1. Just to be sure I understand, how many residues within the stretch 153-179 are more than 12 Å from ligand 1 (Cβ to nearest atom) and open to solvent by less than 20 Å² (accessible area, probe 1.4 Å)?
2. Would you mind finding the one in L109, L209 that is within 16 Å of ligand 1 (Cβ to nearest atom), open to solvent by 50 Å² or more (accessible area, probe 1.4 Å) and either more than 20 Å from the chain's Cα centre (by Cα) or under 14 Å from V239 (Cα atoms) (or both)?
3. Determine whether the stretch 78-88 contains at least one residue that is in a helix (DSSP H, G or I) and at positive phi.
4. Confirm whether T77 is modelled with pLDDT of 95 or more and closer than 30 Å to E162 by Cα.
5. Would you mention how many residues in the stretch 115-128 are of a type outside the set (S, T, Y) and open to solvent by less than 40 Å² (accessible area, probe 1.4 Å)?
6. Given (1) in a helix (DSSP H, G or I); (2) in contact (Cβ under 8 Å) with a residue 12 or more places away in the chain; (3) open to solvent by 20 Å² or more (accessible area, probe 1.4 Å); (4) not β-branched (V, I, T), where does E144 come up short, assuming only one miss?
7. For D64, all conditions in the list (1) closer than 26 Å to R33 by Cα; (2) touching a Leu at 6+ places or on another chain (Cβ under 6 Å) hold save one; what is the number of the exception?
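The values are calculated or read from the model by the stated rules, or taken from the named source; none is laboratory data. Just so we're clear, the structure is a prediction, and the values are computed from it rather than from any experiment. Don't worry about glycine lacking a Cβ; one is built from the backbone with ideal geometry, like all the others, and counts go over all protein chains shown. To get the accessible areas, we keep the full protein, side chains included, count just its heavy atoms, and leave off ligands, DNA and RNA. Shrake-Rupley method; radii C 1.70, N 1.55, O 1.52, S 1.80 Å.
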Amino acid sequence: MASTLPHPGTARGTVLQSTGSWITVQTDARRIRCRVRGRLRLGAVRTTNPVAVGDRVSVRINADGTGLITAVLDRDTSLTRRAAGRNRGTEQVLVSNIGTIWIVQAATLPNPNPGFIDRVLVSAEIQGIKAGLIINKMDLAVRETATRAAELYQTYGALGIESYLTSAVTGRGVEAFAKALAGQSSAIAGPSGVGKSTLLNKVEPGLNLRSGIVSNKTRKGRHTTSYATLLPLSSGGFVIDTPGIREFGLTDLGPSELSHYFCEFRRYIGGCRFGSCTHDHEPGCSIKDAVERRAIAKTRYRSYQNILKSLRNGGDYRPRRRAARRWRHT
Ligand code: GDP
Ligand code: ZN
């Protein structure tokens with residue numbers, strides 16, 4: 001419809017990267033470096049960053065070719081975390097408009113972290129985003145590490161979570177993962193060193209992402225990799241590489257609500273002796289019974305207890321200072 005076409009000098013686009021002062025926007029035609037209009041506000045929730053990677057935005061194009069973001073279109077989904085430090089009480093939007101978040105772990109080097117997997121799964125459940133699991137470096141999996149990878153694959157597969165065993169070295173599972181990404185809007189989350197960049201380079205060789213050779217310990221290395229980046233895929237759709245999700249936390253969840261976001265716990269919740277059961281210390285708990293009967297995996301219950309403890313201690317774990325500083329000026 002003609003009425004939906006942007007005016008000359010304006011454009012619609014998607015935010016590829018936001019480094020605070022400059023925001024890169026991809027329009028149909030090109031990439032534009034943009035700034036944000038000072039008073040841009042979004043809904044009722046205060047956010048530390050008014051514009052997030054993945055946002056669809058309206059841009060007014062300046063004479064010098066740079067742009068001014070004048071509006072952020074409604075988000076379908078967003079991954080948020082509670083901001084820390086001076087911005088406490090506000091939210092930081094990590095990424096927006098993604099359909100699936102892929103949790104990447106390695107079979108070994110580094111070892112898988114079920115606690116991290118489960119935190120991201122709960123957050124994804126809360127925010128209505130599908131989650132998937134990749135266990136990479138399967139070429140290094142032998143004996144115990146192979147068994148552990150198989151167990152994870154089995155546990156999460158049984159929960160209905162799309163899971164792949166991959167190796168960026170041998171190519172195992174890469175094609176299947178590439179198919180899962182095609183035409184979708186996804187984010188990728190996992191600790192450094194599990195092979196996220198290497199895997200994405202395999203999926204889309206044109207991306208030329210820097211992988212592990214660059215030290216993640218040096219400040220410089222950190223800086224170049226600490227911003228979420230939206231990567232368009234030639235198969236359609238995009239994937240957002242988001243180092244920030246390493247510190248992905250849970251926002252404003254009451255201890256009694258937590259069990260509802262462990263999908264396999266839900267069917268047992270009504271069966272506890274106490275309506276207010278937190279499935280922790282209470283007698284007559286049907287979830288603990290299910291764990292005893294092995295109907296619920298012990299590792300999942302352990303994650304539940306750990307997250308419950310952190311919620312009782314006043315919310316999610318604190319993001320590292322570096323992460324908080326990144327957004328402070330916005
Ligand atoms: P990222 O920090 O998650 O992006 O991890 P990188 O992609 O930088 O990979 C970290 C290191 O693991 C690099 O030395 C990669 O070459 C290596 N690596 C990545 N994928 C695999 C894999 O499937 N198997 C093995 N053996 N090494 C891998
Ligand atoms: Zn209970």
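1. 2
2. Every option except L109 fails the conditions.
3. Checked the stretch 78-88: at least one residue is in a helix (DSSP H, G or I) and at positive phi.
4. The answer is no for T77.
5. Count: 9.
6. (2)
7. Here D64 clears every test but (2).
Here's the yes/no breakdown for (1) at pLDDT 95 or above; (2) closer than 21 Å to E125 by Cα; (3) more than 10 Å from ligand 2 (Cβ to nearest atom):
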{"site": "N216", "(1), (2), (3)": "no, no, yes"}
{"site": "P232", "(1), (2), (3)": "no, no, yes"}
{"site": "E257", "(1), (2), (3)": "no, yes, yes"}
{"site": "G284", "(1), (2), (3)": "yes, no, no"}
